[in-house]
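Colleague: I am attaching a structure below and will ask some questions about it afterwards.
The values are calculated or read from the model by the stated rules, or taken from the named source; none is laboratory data. In this text, all values refer to a predicted model and were calculated from it rather than measured experimentally. Cβ atoms come from the backbone with ideal geometry, glycine included; neighbour counts cover every protein chain shown. Just so you know, the surface numbers come from the protein's heavy atoms only, side chains and all, with ligands and any DNA or RNA stripped out. Shrake-Rupley method; radii C 1.70, N 1.55, O 1.52, S 1.80 Å.
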Amino acid sequence: MIRKKIPRRQAILGLAVLVLTLLILTFYLRHLTETARLGLVQRDLEVRLIRLRDEVKALEAKKAELLSLARVETVARQDLRLDDPEAGQVIFEGGGGTHK
Amino acid sequence: MRTASRGFQSRKVNGRIRVLLAGLLAWAFLLAGRLVQLQVFGHAAAKAEVLEQSRSQAEIFAERGTVFDRAGTILARSIPARSLFLTPVKGESAEARAKTIRAASRALGLSSEEIQRLLSRARQAEPFLYIKRKTSPEAAAAVEALGLPGVHSHADTMRFYPNGRLAAHVLGGVGLDDTGLAGVEYAHNQPLQGRKGQALILKDARRRAYHFETLVPALPGQDIVLTIDATLQYIAERELARAVEATGSNWGTVIVSRPGSGEILAMASAPTYDPNAYSSAGAEAQFNRAIQLTYEPGSTFKVVTASAALARHAVGLKETFDCSRADLGFPGKPIRDHKPFGVLTFPEVVIHSSNRGMALVGRRVGEVPMFDMAAAFGFGRKTGIDLSGEAAGRLQPMSAWSRRTLAALSIGYEVASTPLQVLMAVNAVANKGILWPPRVVKDIRDPARPLQRPAPVVALQVLAPEVAATLTGILEEAVEEGTGHEARLDGYRVAGKTGTTQKRDPALGAYSERKHIASFVGFAPADNPALSVIVVLDEPKGTAYYGGEVAAPVFREIIRKALLHLGVFPASSPVRGLITASVRSEVVR
């Protein structure tokens, strides 16, 4: 059996095409998997962002609860033993009985 | 012979092949027919079935907007929550289900009544059962960590009022579905709730969701900024609660406003409730007496009579009225004063709140001008405040007036008004005759959309500025020397009017001698009013029941603290004392 010899140039060209095809395929697959991975990362981050925003809102509400005037007054009167000043104990400088 | 046999066999085989082919052809036709039936004629139904199995649409909840006070303090906000529920477990006995409910309830700290309610519902074999709606994510996680069979949770939001009872009647409350039920939550439900979105969920063969796509994004609710000042609201509520307790009153209400803009800075009613548990609050507590209750305003209405008299030039400032006479010529029971008076000038009639004197003034004014003035001040119709459930009150049409109505109306009887209407009338006097409609919403905000301000309000000139100025002077005297002296505040010029209304006793069919509504309405500083306040107390017990005795001191305490909070300091220090507070005047917010 006689095998036809492939010209060297053709062989190199074929090999190059094959390598290029494999490269493109590899890149394409890599691109697809990376896109999918980034999509998942992005989604995770978005979920985290939403969760953090919710957490910030809840913490702001908690802060408002801790700073509520009823609680502040209770702490001031019961824990810190503060009391209202007696009549005449406070002098107002620059008072004028008017407002802007 | 051999050839004939082969020919016979060949024919036999060919025949079988034909039969087989015919059979195959028939089967193919049947198959094709069935395919046509399924894919052509039944296309729509089949497609719908496939879509139903592989995808579903879900609602995306829009986050409810936050409510702030005028300084940016959070008054109401929706925060993340979870709702715990129980689904049936295959082969689970009723005892096991009850055990699961008990375990979950214990972890959540539910009351025994709530547990019993859940167990009763479980016994009725309800397949889906909420164990706890809108609980904190931490509490839900703790329950889920127990690994109880059939116990699951889903994401939810919870309306949270961080200041508890503060401004409860202004805020109102929401139901389990986060829809406003009262107050600002109800009146402004539309902008607060936003718009729900829609999402597409793709599922695999086992109906597990693997893809989530937003079709219509949810539009979050808009934030609302109120005119309410949380500090003033707190002051008003605290002083009101103290007064109701000290006087043994059935209920009380306080409104603080800015006469120059109609903005409501505080609105309090006692008894009150915690909007965090709106549905469990009683109707009595939920009742916003500042705008929903109507009563006969009594002597505070004399401001209207005096306005009409001055505006119509029906009386002169030095004109005198004989208040010693019991018989004034009005039909029915004689009009009485809270103490005997002799001859009083017109300002003295107002200052000392003489009923007889004011009835005579009313007669001088006449029926039509009196009715017109009351109507101009807004009595008998809603003020239009942007809150739900406001009462209109009642100003009788003149066709329904009796011969006594003019005298009764002159002293604040035979007219039903809300505390807010009385305050608005005094606001017009304080504001040089200009009446601004009241409001509680300052701004509606949303970063994603352009700023939407509430519709502009239009002020009305109901009184000439000079009439308002004259009346302000008289009301100042009423505080300095008259019935309102308990409202006097060192360092400030205060103007106001007391009111003590005898309540009508349905059992007697007459006005009660023992049941009163005590009130005080006024403003300060009289020359440049920063605030106006009304205090109303129902049936104060004990010997002190006059508005000047029980309501005026509450007014004084509220306005003293409120003016200091707003940076309006007394003109002169009352007494040289020990502590020096160096404070800078602030622009009133």
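Colleague: Once the convex hull of the C-alpha atoms of segment B:290-399 is built, how many Å³ does it hold per residue, rounded to a whole number?
Modeller: Output value, Cα hull per residue: 121 Å³.
Colleague: Check B:Ile131: other-chain or 5+ apart residues with amide H under 5 Å from its amide H, H built from backbone geometry?
Modeller: Counting only residues 5 or more places away or on other chains, the set is B:Leu84, B:Phe85, B:Leu86.
Colleague: Additional query: Quick one: which bits of segment B:75-120 get at least 10 Å² less accessible when the partner protein chains are in, versus the chain alone, with a 1.4 Å probe?
Modeller: SASA drop of 10 Å² or more in segment B:75-120: B:Arg77, B:Ile79, B:Pro80.
Colleague: Taking amide hydrogens as modeled 1.01 Å from N in the peptide plane, which residues meet the under 5 Å criterion relative to B:Asp505, leaving out close sequence neighbours?
Modeller: B:Ala510, B:Tyr511, B:Ser512
Colleague: If you average 1/r over every pair of different alpha-carbon atoms in chain B and take one over that average, what Kirkwood value in Å do you get?
Modeller: 28.7 Å
Colleague: Ok, one more. At R0 = 51 Å, how high is the FRET efficiency between B:Asp322 and B:Ala246 if r is their beta carbon distance? Nearest 0.05 is fine.
Modeller: In this case the efficiency is close to 0.85.
Colleague: What number comes out for the charge environment of B:Asn355, summing +1 per Lys or Arg and -1 per Asp or Glu over other residues with Cβ under 10 Å away?
Modeller: With Lys, Arg at +1 and Asp, Glu at -1, the net is +2.
Colleague: For A:Lys57, give me every one of the lysines with a C-alpha distance below 18 angstrom, ignoring sequence neighbours fewer than eight places off in its own chain.
Modeller: By straight Cα distance, A:Lys57 reaches B:Lys134.
Colleague: Another question, then. Roughly how much of B:Trp27 is accessible, in Å² to the nearest 10, using a 1.4 Å probe?
Modeller: 150 Å²
Colleague: Based on alpha-carbon centroids, what's the gap between segment B:26-50 and segment B:468-519 in Å, whole number please?
Modeller: Cα centroid to Cα centroid, the span is 88 Å.
Colleague: Nearest 0.05, what FRET efficiency do B:Asn528 and A:Leu49 give at R0 = 56 Å with Cβ-Cβ as r? Mind dumping the intermediate values first?
Modeller: Details: r = 50 Å, r/R0 = 0.89.
Efficiency, from the Cβ-Cβ distance: 0.65.
Colleague: Given a Förster distance of 35 angstrom, what is the FRET efficiency for A:Thr21 paired with B:Lys47, based on the Cβ-Cβ distance and rounded to 0.05?
Modeller: After rounding to 0.05, the efficiency reads 0.35.
Colleague: So for A:Val41, B:Val535, what's the accessible-area order with a 1.4 Å probe, most first?
Modeller: The ranking, largest first, comes out as A:Val41, B:Val535.
Colleague: What do you reckon, how do B:Leu181, B:Leu293, A:Leu69, A:Leu80 stack up by accessible area (1.4 Å probe), largest on top? Before the final figure, lay out the partial values.
Modeller: On the way: B:Leu181 90, B:Leu293 25, A:Leu69 55, A:Leu80 110 Å².
Highest to lowest solvent-accessible surface, that is A:Leu80, B:Leu181, A:Leu69, B:Leu293.
Colleague: Using the heavy atoms of the protein chains alone and a 1.4 angstrom probe, what is the accessible area of chain B per residue in square angstrom? Numbers along the way, then the final one.
Modeller: On the way: 27910 Å² over 589 residues.
Value for chain B: 47 Å² per residue.
Colleague: Using the Cβ atoms and a cut-off under 10 Å, what net charge is assigned to the surroundings of B:Arg439, where Lys and Arg are +1 and Asp and Glu are -1?
Modeller: -1
Colleague: Right, here's the next one. Over segment A:8-79, with the other protein chains present, what is the accessible area per residue in square angstrom, probe 1.4 angstrom?
Modeller: Details: 6280 Å² over 72 residues.
In whole numbers, segment A:8-79 has 87 Å² accessible per residue.
Colleague: At a probe size of 1.4 Å, how large is the accessible area of B:Glu284, to the nearest 10 Å²?
Modeller: B:Glu284 has an accessible surface of roughly 120 Å² with all protein chains in place.
Colleague: Give the separation of the Cα centroids, segment B:149-195 to segment B:238-285, in Å.
Modeller: Segment B:149-195 and segment B:238-285 have Cα centres spaced 20 Å from each other.
Colleague: How do B:Asp156, B:Asp527, B:Asp229 stack up against each other in accessible area, from largest to smallest, with a 1.4 angstrom probe?
Modeller: If we order B:Asp156, B:Asp527, B:Asp229 from most to least accessible, we get B:Asp527, B:Asp156, B:Asp229.
Colleague: Also, I was wondering about something else. Can you give me the C-alpha center-to-center distance between segment B:346-415 and segment B:96-143, rounded to a whole angstrom?
Modeller: A separation of 57 Å, based on Cα centres.
Colleague: Would you kindly calculate the mean projected area, averaged across all directions, of the convex hull enclosing the Cα atoms of the protein assembly as shown, in square nanometres?
Modeller: Approximately 60.1 nm², given one-decimal rounding.
Colleague: Here's something else I'd like to know. Provide the per-residue ³J(HN,Hα) series for segment B:166-174, in order, calculated from phi with Karplus coefficients 6.51, -1.76, 1.60 and θ = phi - 60°, each as a whole number of Hz, with x at glycine and proline positions.
Modeller: Values, residue by residue: 4, 6, 3, 6, 6, 6, x, x, 10 Hz.
Colleague: Find the Cα radius of gyration of segment A:8-79, compare it with 2.2 N^0.38 Å by division, and give the number to two decimals.
Modeller: Details: Rg = 29.9 Å, N = 72, 2.2 N^0.38 = 11.2 Å.
Expressed relative to 2.2 N^0.38 Å, the Cα Rg reads 2.68.
Colleague: Now for a separate question. How well do other chains shield peptide A:9-21, expressed as the mean number of their Cβ atoms within 10 Å of each residue Cβ?
Modeller: 0
Colleague: Nearest 100 Å², what total accessible surface is buried between chain B and chain A (probe 1.4 Å)?
Modeller: Working: alone 29340 and 10510 Å², together 36890 Å².
For B against A, buried area totals roughly 3000 Å².
Colleague: Filter chain B for me: DSSP H helices, axial length by Cα at least 24 angstrom, mean Kyte-Doolittle hydropathy not below 0.0. List them by residue number. Don't jump to the answer; show the numbers that get you there.
Modeller: Details: long enough: B:2-36 (50 Å, 0.45); B:230-247 (25 Å, -0.02).
Answer set is B:2-36.
Colleague: Please work out how much accessible surface B:Glu113 shows to a 1.4 Å probe, ignoring ligands, DNA and RNA, in Å² rounded to 10.
Modeller: In the full protein context, B:Glu113 sits at about 120 Å².
Colleague: Now a separate question. Lysines within cross-link reach of B:Lys302: Cα-Cα under 30 Å, excluding same-chain residues under 8 positions apart?
Modeller: Correct list for B:Lys302: B:Lys318, B:Lys333, B:Lys339, B:Lys382, B:Lys432, B:Lys497, B:Lys503, B:Lys515, B:Lys541, B:Lys561.
Colleague: Of all accessible surface on the protein assembly as shown at a 1.4 Å probe, what whole percent is carbon and sulfur?
Modeller: That share works out to 58 percent.
Colleague: Just add up the charged neighbours of B:Val216: K/R +1, D/E -1, any other residue whose Cβ is under 12 Å from the Cβ of B:Val216.
Modeller: Details: positive: B:Arg195, B:Lys196; negative: B:Glu59, B:Glu213.
Taking every Cβ under 12 Å from that of B:Val216, the sum is 0.
Colleague: Projected onto the charge dipole of the protein assembly as shown (+1 at Lys/Arg Cβ, -1 at Asp/Glu Cβ, origin at the Cα centre), which of B:Ala562, B:Leu200, A:Thr33 gives the Cα projection farthest towards the positive end?
Modeller: Positive-end residue among those listed: A:Thr33.
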